[in-house]
Amino acid sequence: MTLLKIARMGHPVLLRKADPVENVMDPAVQGFIDDMIETMHDAGGVGLAAPQVHVSKRIFVYYVPEARQEEGEDAPSGVRVLINPVLTPVGDEQVLRMEGCLSIPGLRGWVPRYMQVKYEGLDREGKPVSGVARGFHANVIQHEADHLDGVLYPMRMTDLGLMGFDAEASRFLTPETIAGQDV
Ligand code: NI
């Protein structure tokens with residue numbers, strides 16, 4: 001396996017709409033997925049989309065750490081691969097979520113996200129998968145699916161005052177200090 005180089009904000013690959021994967025079982029695609037998973041773990045991320053490693057294809061990998069699972073959240077265990085995903089909001093309720101991104105190191109911000117989303121796509125064997133994601137699971141797949149459409153989280157933010165460097169954000173941009181902010 002190979003660690004892949006992560007594209008940072010400003011690189012055009014992050015702003016491009018990625019292409020669908022035609023043959024999931026292609027050994028090159030399978031090897032690339034292994035490399036993505038290794039790269040995500042090495043970088044300490046919970047999700048990684050193919051454009052973030054300079055490959056403009058509709059693939060992302062992610063997992064929901066046990067500590068981030070919320071009550072009533074039926075999150076998958078272990079790393080999940082989603083290919084050619086389609087996300088549909090369930091209802092229009094949104095919530096602010098603190099996000100960071102491996103392509104925007106050192107920063108984080110509060111981003112409006114749907115509380116629940118339906119997802120459909122293919123797993124790494126090419127089998128259809130679908131479900132409804134809530135909580136952190138819903139958060140991470142909206143962030144990763146955005147990468148496939150050339151959207152980075154600051155582009156979703158409605159108040160850039162809620163973005164900051166890690167140390168300052170964890171000190172000043174806490175759930176308590178942003179309470180009452182409109183989504
Ligand atoms: Ni990201």
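No lab work stands behind these numbers, since they all come straight from the coordinates. On a predicted model such as this, the values are computed, not experimentally measured, just so you know. We place every Cβ from the backbone using ideal geometry, glycine too, and count neighbours over all the protein chains shown.
Set the Förster distance to 30 Å, then compute FRET efficiency between residue 95 and residue 149 from the Cβ-Cβ distance, nearest 0.05. Plugging the Cβ-Cβ distance into 1/(1 + (r/R0)^6) gives 0.90.
First measure r as the distance between the Cβ atoms of residue 116 and residue 156, then evaluate 1/(1 + (r/R0)^6) with R0 = 25 Å and state the FRET efficiency to the nearest 0.05. Walk me through the numbers before you get to the answer.
Working: r = 17 Å, r/R0 = 0.67.
About 0.90, to the nearest 0.05.
Full extension of the chain between residue 17 and residue 74 gives 17.6 nm of extra length, using 0.36 nm per residue less the Cα-Cα distance.
Note down the relative contact order for the chain as a percent, whole number, built from C-alpha pairs under 8 angstrom at least six residues apart. Value for the chain: 23 percent.
Is the C-alpha gyration tensor of region 89-142 telling us rounded, prolate or oblate? Criteria: a/c under 1.5 is rounded; beyond that, a/b larger than b/c is prolate, otherwise oblate. Each step should come with its number before you reach the end.
Numbers: a/c = 3.78, a/b = 1.37, b/c = 2.76.
Oblate is the answer for region 89-142, as a/c is 1.5 or above yet b/c matches or exceeds a/b.
With the highest mean first, a sort of the peptides 168-178, 44-54 on other beta-carbon atoms found within 10 angstrom per residue produces 44-54, 168-178. For the chain, the longest principal axis of the alpha carbon atoms and the long axis of helix 27-43 meet at an angle near 30°. Summarising the amide proton neighbourhood of residue 54: residues at separation of 5 or more, or on other chains, whose placed amide H is nearer than 5 Å comprise 7. Pairs of Lys residues in the chain, spaced 8 or more positions apart or belonging to different chains, with C-alpha separations under 18 angstrom: 4 in total.
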